[in-house]
């Protein structure tokens with residue numbers, strides 16, 4: 001299987017678990033992520049690729065999907081977190 005597939009499945013599981021928890025979102029050092037932009041990159045650098053980016057699926061140029069950079073030298077685009085007031 002493609003390593004990007006496993007990365008996206010793990011990212012989806014983490015985001016789903018934290019979205020329903022109602023608590024703060026934490027980074028890899030257990031620090032609270034406040035409002036701002038952050039890069040989502042793999043915990044282990046190497047041949048698995050870099051950060052998240054927008055990419056086409058197959059030959060279609062629209063719509064763009066969330067994908068992973070092919071090189072670990074590319075951090076991708078930042079993800080923005082903001083506080084939701086209910």
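What the table below lists for this structure:
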read-out: Additional length obtainable on full extension of the chain from residue 79 to residue 59, 0.36 nm per residue less Cα span; value: 4.7 nm
read-out: Neighbour-count order for 7, 44, fewest beta carbons within 10 angstrom listed first; value: 44, 7
read-out: Sequence of 11, 52, 64 once ranked by neighbouring C-beta atoms within 10 Å, starting from the fewest; value: 64, 11, 52
read-out: Which of 69, 31 has the fewest Cβ neighbours within 10 Å, and the rest in rising order; value: 31, 69
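The numbers here are math on the coordinates, done by the rules we state, and not lab data. Keep in mind that what you see is a predicted model, and the values were worked out from it rather than measured. With ideal geometry, Cβ positions are generated from the backbone for all residues, glycine too; neighbour counts draw on all protein chains shown.
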